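Participant: The structure follows.
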C-alpha cells in the first residue's frame, strides 16, 4: 500500500511540475531595443525549407543594406553553418558556459551575414532546461549590438524550445508547402501559438509552389481551418517557387541567392525582402513556361 502511495505521490508531483512549466511558457524574451527587429522562422514539420528561407532571407536583407544576425536555434538538428558552407568550432549551446561570451560564438558567412551555429546534438536539446533557457536568452540579447535585424531559425514542430523562441520574437514567419501533411502541421503551430499569446504577428510563406495562384490556394485552405476551429485568420508574406536551383545550391553548400541569383526562387526571396522592409504585399514573380505546364498538366 505504501508503495502505491509513493508512486501516486511521484505522479502528482510530476504533473504539478509539468503544469507549472506550461504556465511559464512565453515568459522568456530577448531584451533588444525597439529599433531592432526580431524575426523567428518556424515550421510545423521538417523538410519544408525553413532553414533555406532563414539563410537566404538573411543574405537578402544583408545585401539590401541591413546588418543581419542569424541565430540557428534548431537545437539538435542544426544546419545553418552547412548552408553557409563552413565548419564552426563553437555553437549556440557553448553560451551556456560561464566563460563563453557572444563574440566567441559569432561567425561571418555569405554576404557578411553574422550567424551563430546551432548545436547538432540531441543530448543538448534534451538538456536545455529552464535555467539554461534563461541563460541563453540573456546572452543572446546582446545580438542587438551587432545587428539591425535578428533572424531566428527555430526547430520544427512544437517542442518547448521552439515555442519559447517563437513567442520571444516580434514577428513570426511560418513556412509550409502545399502538401496536406505540411498544412496540418502548420495549423498545429498556429493553434499552439494562439494558446500562449493573443498577438497576431504570424505570417505565412508558401514554399515549393508553381505559380502565384497556388500560394493563394495554400493560404485559403489553411485559413478555412483556422477560422473554423480557432476563430482567426493568418495573413501571408509571400511565396517561393519550386526550383531546382535550390537543391543545386544546397549540394554546393551555398545560399541559392548567391549561387543562382537570377533563379525563380532567388527572385522570390528578393521580393520577400522588399515586402519585409516596406510592409507591403509581395510583388508578383513570373515563373514563365514551367508555371504554365504545371497548371495545364499538373506536374
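Participant: Among 210, 137, which comes first, then next, by fewest other beta-carbon atoms within 10 Å?
Facilitator: Values: 210 21, 137 17.
Listing 210, 137 from fewest to most nearby Cβ atoms yields 137, 210.
Participant: Could you grab the relative contact order for the range 33-297? Cα pairs under 8 Å, six or more apart, rounded to a whole percent.
Facilitator: Working: 500 pairs, mean separation 62.4, N = 265.
Once divided by the residue count of the range 33-297, the mean separation gives 24 percent.
Participant: May I pose another question? Just the Cα atoms of the range 231-286, one point each, no solvent: what log10 I(q)/I(0) does Debye give at q = 0.15, 0.23, 0.28 Å⁻¹?
Facilitator: Evaluating at q = 0.15, 0.23, 0.28 Å⁻¹ gives log10 I(q)/I(0) of -0.47, -0.85, -1.05.
Participant: Measure off 7 Å from each Cα along the Cα-to-Cβ vector at residue 262 and residue 200, then give the distance between these two points in nanometres to one decimal.
Facilitator: Taking the simple label geometry, residue 262 and residue 200 are separated by 4.2 nm.
Participant: Sticking with this one: Given 4 °C and 1.567 mPa s, how large is the Stokes-Einstein diffusion coefficient of the range 33-297 in µm²/s, with Rh as the Kirkwood radius over Cα pairs? Intermediate values should be presented prior to the final figure.
Facilitator: Numbers: Rh = 18.6 Å.
D, rounded to a whole number, is 70 µm²/s.
Participant: Mind checking the full-extension length gain between residue 158 and residue 97? Use 0.36 nm per residue of separation minus the Cα-Cα distance, one decimal, nm. Provide the component values of the computation, followed by the final result.
Facilitator: Working: separation 61, 0.36 × 61 = 21.96 nm, distance 2.64 nm.
Length difference between fully extended and current span is 19.3 nm.
Participant: Oh, and also: Please rank 100, 36, fewest neighbouring Cβ atoms within 10 Å first, as an exposure proxy.
Facilitator: On the way: 100 14, 36 19.
Listing 100, 36 from fewest to most nearby Cβ atoms yields 100, 36.
Participant: Using the beta-carbon distance between residue 34 and residue 139 and R0 = 22 Å, what value does 1/(1 + (r/R0)^6) give for FRET efficiency, to the nearest 0.05? Don't skip to the end; give the middle numbers.
Facilitator: On the way: r = 20 Å, r/R0 = 0.92.
Once the sixth-power term is evaluated, E becomes 0.60.
Participant: Listing 150, 202 from the residue with the fewest other Cβ atoms within 10 Å to the one with the most, what is the order?
Facilitator: Values: 150 26, 202 22.
Least crowded to most crowded, the residues run 202, 150.
Participant: State the extension gain, in nm to one decimal, for the chain segment bounded by residue 104 and residue 232, taking 0.36 nm per residue of separation less the distance between their alpha-carbons. Walk me through the numbers on the way to the answer.
Facilitator: Values: separation 128, 0.36 × 128 = 46.08 nm, distance 4.26 nm.
The residue 104-residue 232 span can extend by a further 41.8 nm.
Participant: Let me ask another. Expressed in nm to one decimal, what extension gain is obtained for the pair residue 191 and residue 131 from 0.36 nm per residue of sequence separation less their Cα-Cα distance?
Facilitator: Details: separation 60, 0.36 × 60 = 21.60 nm, distance 2.66 nm.
So the extension gain works out to 18.9 nm.
Participant: Here is a follow-up. By DSSP, what percent of the beta bridges with both residues in the range 33-297 are antiparallel, rounded to the nearest 5? Could the numbers behind the result be given before it?
Facilitator: On the way: 3 of 33 bridges.
So the antiparallel bridges in the range 33-297 amount to around 10 percent.
The numbers here are math on the coordinates, done by the rules we state, and not lab data. Worth saying up front: this structure is predicted, and the values here are computed from it rather than measured. Don't worry about glycine lacking a Cβ; one is built from the backbone with ideal geometry, like all the others, and counts go over all protein chains shown.
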